[in-house]
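The values are calculated or read from the model by the stated rules, or taken from the named source; none is laboratory data. The shown structure was predicted, so the numbers you read here are calculated from the model rather than taken from an experiment. Cβ placement follows ideal geometry from the backbone for every residue including glycine, while neighbour counts extend to all protein chains displayed. Quick note on the areas: whole protein, heavy atoms, side chains included, nothing else; ligands and nucleic acids left out. Shrake-Rupley method; radii C 1.70, N 1.55, O 1.52, S 1.80 Å.
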Amino acid sequence: MRLDHDDQQDRTPSQETGQRGRHGRGTRGRKVRILAGGVVAAAAVASVGTFALANPSGAEGQREGGAKAAAPRAKTPPKRPAPSKSAKYAKQLLVLVNKERARAGCRPLRLDRRVQAAAMAHAKDMAARNYYEHTSPEGASAGDRMRKAGYPAGAWGENIHKGPKGPKTAMRDWMRSSGHRQNILNCAYKDFGAGVSLKANGPWWVQNFGTKR
């Protein structure tokens, strides 16, 4: 299980990172990584039912010549695909984050699909290219990824983690690290998105926090 290390310190496999931008200073986490800088989307599943056309008069329709008309067939709309396990985990992270914020007196974060897209893209990218950093090999930060996804990020933050099998474990580790906890309980943040990749070399977890300009 990996957390993060300070971006300005030597990076070794056993270290974890607390990294903050203009809105804070670097903090060392136990095993997680954070990133905050200066000024997601789990899909809702709608229940799908069936409907049948009924004859309002209660009488059987008759074809010409007295033949019984064919009864209309019940129509069943196509079902939406069930959300993936990673999407369920991302949604659970928002619930867990807002529980902690409520205890601290902060307003709940809102799920923003653009912030969610940025977090998911980073989780998948780290898994695909097997790196563990807030900054991509090309130099893109969490703020860059949010803006690329269409979110006008002003203040922003990021927590990353590698290894936990479920969202409760990931949250437990983040809350035990002062830097990551600070991102979660920062009352200035308004929007949230989480990304989870369940690849065998992970799992990889990303939390993004943001406030629009």
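Considering only residues that are open to solvent by 20 Å² or more (accessible area, probe 1.4 Å) and touching a strand residue (DSSP E or B) at 6+ places or on another chain (Cβ under 8 Å), which ones fall in region 164-197? Selection gives Ser178, Gln182, Asn186, Ala188, Lys190. The residues in region 139-150 that are of a type outside the set (Lys, Arg), within 16 Å of the chain's Cα centre (by Cα) and farther than 21 Å from Leu185 by Cα can be counted, and the count is 2. If you scan region 189-211, which residues turn out to be out of contact with any Cys (no Cβ under 9 Å at 6 or more places or on another chain) and in a loop (DSSP other than H, G, I, E, B)? The answer is Lys190, Leu198, Lys199, Ala200, Asn201, Gly202, Pro203.
The condition of being out of contact with any helix residue (DSSP H, G or I) (no Cβ under 9 Å at 6 or more places or on another chain) and of a type in the set (A, V, I, L, M, F, W, C) holds for only one of Ala170, Ala188, that being Ala188. Within region 96-138, the set of residues being in a loop (DSSP other than H, G, I, E, B), farther than 23 Å from Tyr151 by Cα and open to solvent by less than 50 Å² (accessible area, probe 1.4 Å) comprises Tyr131, Tyr132.
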